[in-house]
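Any read-out appearing in this document is the output of simple, stated calculations on the displayed coordinates, not a laboratory observation. Remember, it's a predicted structure, so these values are computed and weren't measured experimentally. Note that we place each Cβ from the backbone using ideal geometry, even for glycine, and neighbour counts take in every protein chain shown.
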Amino acid sequence: MRDYDYMLECSKLPNDYFYATGERAVDRHVIGQLVGDIDALGETRCSDPVELWQDEIAPIGGTRNSSVKKTRAKAFWERLSIAAIGGFLLVGPMWLMMLHGDLYTRLITTTVCVAFLGALSSWLLDKSDQVLMATAAYAAVLVVFVGLTDGSG
């Protein structure tokens, strides 16, 4: 009974603590449809907004079209960054090995780059066999390049 009396007292205040409302227009619309704008005494109620209310009714989470566009854009930028990293990891060591042609430079460059790609792929990939395959393929490419260069550059 005490809670009911407290709620009745609060309903007479300018800002009713128990008045359900929303800041977004879609929230107010849903609450109005489900609860209605009539209180227990049969009076229509209005409360002052705590913050500025949004007047447009937009779907929660956006439209399907905007979600698809965001997903495609995000996937494009991920693929572009992976292509840039992959290109750098292939072209960078080749430039270094051609500019400094001694055997130790080529072997150290290959070792460091393969270790870096292994660490990067273990962070990005989910399964250990994928990490092993990516690292082994990359190491094979660099080892072939080390074997083909004669060190006279």
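Here are the numbers for this structure:
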quantity	calculated
Calculated from backbone phi, Karplus (6.51, -1.76, 1.60) coupling profile of segment 121-137 in Hz, x at Gly/Pro	6, 5, 7, 8, 8, 8, 10, 5, 5, 5, 5, 5, 5, 5, 5, 5, 5
FRET E, pair residue 74, residue 5, Förster distance 41 Å, beta-carbon r, rounded to 0.05	0.15
Histogram of C-alpha separations across segment 64-148, 5 Å bin width, %	3, 14, 20, 19, 15, 11, 8, 5, 3, 2, 1, 0
Ordering of 65-76, 112-123 by packing [mean C-beta count within 10 Å, highest first]	112-123, 65-76
